[in-house]
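The values are calculated or read from the model by the stated rules, or taken from the named source; none is laboratory data. Computed from a predicted model, the values in this text were never measured in an experiment. Counting neighbours? That spans all protein chains shown, and the Cβs are built from the backbone with ideal geometry, glycine included. SASA here: full protein model, heavy atoms, side chains in, ligands and nucleic acids out. Shrake-Rupley method; radii C 1.70, N 1.55, O 1.52, S 1.80 Å.
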Amino acid sequence: MVLSVSYLQRRFGDRFGGWLIGLPITTGPFILIICIQEGTAFGGKTAHGVLLGQMALIAFCWAYAFAALRTTWFKAIVAGTVLCLLVGYVATQIKVSIWISTISLIVAWLCAMKWWPHSNLPEQTIVTPHWELPVRIIVTLTLLVGLSALAPHVGAKIAGALSTYPVIASVLGSFNQRRFGPAATVATLRGLMQTLPITMGIIFFLALALR
C-alpha cells in the first residue's frame, strides 16, 4: 500500500498524494490486526475509537495548515499536534454512540472545509528525496506494530484514536514546508481532508458491523 501511494503521489503531485493519505491505509489494517488479535468485539470498539480519532485528525489538518501559512514548519507542527491531542483526549473521554460520533464528525468536517485557510502562494512541483519511501514504510510498520501491542493495555477507544494521528502527513508536511514553502503542505492537507468522508464512511460501517 505504501509503495503504491508513494508512486502515485510522485507521479500526480502533492494534492493527489493528500487524497491518498486521507484513505484508511493505516487504520484499516490496524483494525484488521486488532480483530484477529483480540476478537471482533474489541475490534468494533477500536473502530469506534478510530471514528472519534478522525475529529482529532480534522483539528490537526486545520491547525497545521493555518499555522503553516503564518509561521515556521516547527511551530506549525507543534500547533497541529497540540490541538490534535487535545481534541483526541476530549473525544475519547465522552461516551457517545456511533451515530452521534458520526454526526459530530460530519459537522466538524464541514466547518473545517468552510473555514479552510487559503493560500495565494503558487504550488511547486515536489521532487521527493530517496529516503522518503523507506521512512514511510518504517513509520507505517512501527505505528501498526506499536499500536497493536499497546491496544490491550490502553483500551480499544484510545488505541483507535491514536491510530488516526497523521504521522506520515506530519513528517512529510514539515519536510516539504521547509524545502518548498507552505503552499505544498497546505495543498497536501487539503487533499487529505477532501478524501476524509470516504474514510469516515468505511470506518462507520466497520464500527457498526463489528459491534
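Looking at Ala159 and the list (1) at pLDDT 75 or above; (2) out of contact with any His (no Cβ under 9 Å at 6 or more places or on another chain); (3) in a helix (DSSP H, G or I); (4) open to solvent by less than 40 Å² (accessible area, probe 1.4 Å), which single condition is not satisfied?
With respect to (1) at pLDDT 75 or above; (2) out of contact with any His (no Cβ under 9 Å at 6 or more places or on another chain); (3) in a helix (DSSP H, G or I); (4) open to solvent by less than 40 Å² (accessible area, probe 1.4 Å), Ala159 is out only on (2).
Within the range 45-60, identify whether any single residue is outside any helix (DSSP H, G or I) and open to solvent by 70 Å² or more (accessible area, probe 1.4 Å), and answer yes or no.
no
For the range 176-202, which residues satisfy the criterion of being crowded, with 19+ Cβ neighbours inside 10 Å, over 13 Å from the mean Cα position of the chain (by Cα) and not small (Gly, Ala, Ser)?
Asn176, Gln177, Pro182, Thr185, Val186 - these are the residues of the range 176-202 that are crowded, with 19+ Cβ neighbours inside 10 Å, over 13 Å from the mean Cα position of the chain (by Cα) and not small (Gly, Ala, Ser).
Can you confirm whether the range 10-19 contains a residue that is within 24 Å of Leu147 (Cα to Cα) and modelled with pLDDT of 85 or more?
So far as the range 10-19 goes, no, none of its residues is within 24 Å of Leu147 (Cα to Cα) and modelled with pLDDT of 85 or more.
Quick one: Tyr64 ticks every box in (1) within 13 Å of the chain's Cα centre (by Cα); (2) over 16 Å from Pro197 (Cβ atoms); (3) open to solvent by 20 Å² or more (accessible area, probe 1.4 Å) bar one, so which box is it?
Here Tyr64 clears every test but (3).
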